[in-house]
Structures are given as C-alpha cells and as structure tokens.
Ligand code: DAR
C-alpha cells in the first residue's frame, strides 16, 4: 500500500479524532495552494497533530512569524481552542492591574489559605527560533545568554537565587541526584524526551543540552530554560493571596525582560508561544485544591471536569499535564482561556471559579 498522502492522513484523523483541532480545521485546498517551501513549513508545524491523532491542538509553531504566515489555518484552530467567536477580532489585552480586584482565597474559606498556588507565563526571545526549530548550538547559546541575565537578577534582594543547569559541561551543571530531587519537589521539569508531543515537534531535541532552571533563595520564583518555550517564568506560594502572587510574578517578569533581548509579542496574539494554547497572556494560573466529594476521592474526574468547564476552568491531576488526581481528591485547577483575556481577568476567573467549585464541594 502506498503511504497515504498527508491530506489523506489528516482526513482520516478528522473522521476518527474529532477533537483534533488541527485535523478539524485543516483545509486541503489552502494547503495545496501554498508554495512548496510553505507546505514544508506547515507540515512541520502540524506534525504533532498528524503523528499523534489524539492530540487536542495538534500544532506547535517553529518561528514567531508562523502565526502570521499561516493565519488562515492557525487562526481557525486558535479561535476554536480559545473560544473566540468568528466576528470577534483576535486581540490580546494587557492588564496586570491585579491590585484593582482583591482575590484572597481565605475570604472564601480560611481552609483555602493552605492551597498551593502557582502562576507562570511563557516567553520566547524573538531573535531565536522557537524550541521546535532550535539546533543544539541554538539551545546552548540561549542558555548561556539566560545564565548571564540570571547573574544580574540574582543581585536583586527580592529575586536572589542561582541557576541550575542540566547541560553536560555547563559551569552551572547539577548532578543527577539534585536533578531528580528538584523534579520530585515539582520545581524542575521532567525529562522532555519522554513526552511524545514534544518529541514529534522537535521541542525535546538535544535533551538535556540547553536546559536548566533559575530558582530564588526562597524557592518561590522559578524560571525554566529550554522547556516547551524558551522561558517559563513562574511564582508560587500558599496563603490564598492571589494578588500578591500575581504581583510577584509581574515584578520578576519585568526585571528579567529588562535583562534579555526583546520577547516575541504581537498585539494580535500577545506573547508568542510554541503551542497555540499558550498564546495571549501566555499565562497558566493554577492551584492545587482537595475536592474529595466532587472527584469521588480522586477516582473520577468526570463531574469536577464538567463543572469546571462551565466555569471556564480546566482540571488536571496534581502531577501536571496528563496526570491523575490525588487520592484525597487533590486536583490542579486553572482558567482555560489565555488569549483575549488579560492577566487580571485570568486571576479573577481563577478566584471566582474556585469559589464556585468549593461551594459545590461543600454542598455535597
Ligand atoms: N498535547 C498537545 C498540547 C496541548 C496543550 N499543552 C501544552 N502545550 N503543554 C496537543 O496538541 O494536544
């Protein structure tokens, strides 16, 4: 049997995997009309959706301008995922004025002061290829540049810390035992070469070269280098004060951006990310909360996922993407939308959503 053409394969995926947004929005006529070099670029961008039919998004950008170049196809996928109506322009508002709304989880219930909260943003430096198209030299050059920026950041009293590299031969290299310990502590990212999506997209290539993590002394501010995006900048804390958490991230992001070349951003797409799911604010604001009744002690996420979806929230296991809930019903809750909503709106949605889920849990 001849190998089915790309178009035939995607048509077959569309029939068997209706939630594969790449297959759902792939237009054979649009693809066929592209010049050969652009067909090659687009084939690489949609490789994950083509090779892994149960993908949801099914695409990763390889260069910041991919979103503009292939907007006729990628915008349809982006609108679908981020629930942006056809008659609404794709546009990213900016509003870190997270002081204007008080979002203290302790005001919902004092017990919620115990939940661990984390907010992260994805950022990519415009002058480098996106991670899926970087070669080993790019990855090491980027990490070297980032490590120099971290040396300056480490001088700041609020963000002092150190850079830990897993690049063989790096002056900042840590041993396997410390790497394993940092992963177990949910600080360092896992071996990306085990993620089939990132592997197909080329994002995990050259592992572990060019990868590492900046960690503050208080271990409440982290910067991943060389994961799915060039940088994943995150703040974490307990206590329920979402305003303080967001303000700390914004402060760290602002200081770091002043130490690096320009990030890839656009008025339309906001912060440019490898995955279209992370465009816009590029922000994932999440918290780990125990919902034993709504999750049947972590055995069944159907009900909590449905309730969360109606609140604009996504549910994951506490071990990260594609993980199960904890036995005590510990789940990771985060707002789904990231494009077309501001940082302040994301914070508010998280607060309002958790309040509603907590009320449902308490009423059972
Ligand atoms: N599994 C890939 C990516 C989904 C979004 N998560 C990211 N970007 N980490 C998919 O296309 O389904």
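The values are calculated or read from the model by the stated rules, or taken from the named source; none is laboratory data. Being a predicted model, the structure only gives us computed values, none of them experimental. A quick note on method: Cβ atoms are made from the backbone with ideal geometry, for glycine too, and the neighbour counts reach across all protein chains shown.
For the stretch 212-239, the tally of residues that are touching a strand residue (DSSP E or B) at 6+ places or on another chain (Cβ under 8 Å) and within 16 Å of the ligand (Cβ to nearest atom) stands at 9. Per the listing 154, 177, 149, 185, the residue uniquely exposed (fewer than 13 other Cβ atoms within 10 Å of the Cβ) and closer than 20 Å to residue 220 by Cβ is 185.
For the subset of the stretch 307-321 comprising residues that are out of contact with any helix residue (DSSP H, G or I) (no Cβ under 9 Å at 6 or more places or on another chain) and surrounded by 17 or more Cβ atoms within 10 Å (Cβ to Cβ), which member is modelled with the lowest pLDDT? Among those that are out of contact with any helix residue (DSSP H, G or I) (no Cβ under 9 Å at 6 or more places or on another chain) and surrounded by 17 or more Cβ atoms within 10 Å (Cβ to Cβ), it is 318.
Considering 281, 318, which residue is under 18 Å from residue 67 (Cα atoms) and within 20 Å of the chain's Cα centre (by Cα)?
Values: 318 fails: under 18 Å from residue 67 (Cα atoms).
Only one candidate passes the filter, namely 281.
When residue 46 is tested against (1) closer than 22 Å to residue 227 by Cβ; (2) in contact (Cβ under 8 Å) with a residue 60 or more places away in the chain, only condition (2) is not met.
Restricting to helices (runs of 4 or more DSSP H) lying wholly in the stretch 1-72: which have 1 or more residues that are touching a helix residue (DSSP H, G or I) at 6+ places or on another chain (Cβ under 8 Å) and either away from the ligand (no atom under 15 Å from the Cβ) or at positive phi (or both)? So that I can check it myself, show each step before the final result.
On the way: elements: 6-16, 21-25, 28-33, 36-45, 47-51, 66-69.
It comes to 6-16, 28-33, 36-45, 66-69.
Only residues that are within 21 Å of the chain's Cα centre (by Cα) and within 14 Å of residue 293 (Cβ to Cβ) were counted across the stretch 321-364, and they come to 3.
Listed here are the residues, each with its yes/no results for (1) under 30 Å from residue 89 (Cα atoms); (2) surrounded by 24 or more Cβ atoms within 10 Å (Cβ to Cβ); (3) within 16 Å of the ligand (Cβ to nearest atom).
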residue: 254; (1), (2), (3): yes, no, no
residue: 259; (1), (2), (3): no, no, no
residue: 263; (1), (2), (3): yes, no, no
residue: 268; (1), (2), (3): yes, no, no
residue: 273; (1), (2), (3): yes, yes, yes
residue: 280; (1), (2), (3): yes, yes, yes
residue: 288; (1), (2), (3): no, no, no
residue: 302; (1), (2), (3): no, no, no
residue: 305; (1), (2), (3): yes, no, yes
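Would you confirm whether or not the stretch 325-335 contains a residue that is touching a helix residue (DSSP H, G or I) at 6+ places or on another chain (Cβ under 7 Å), within 16 Å of the ligand (Cβ to nearest atom) and farther than 21 Å from residue 107 by Cα? There is no residue in the stretch 325-335 that is touching a helix residue (DSSP H, G or I) at 6+ places or on another chain (Cβ under 7 Å), within 16 Å of the ligand (Cβ to nearest atom) and farther than 21 Å from residue 107 by Cα.
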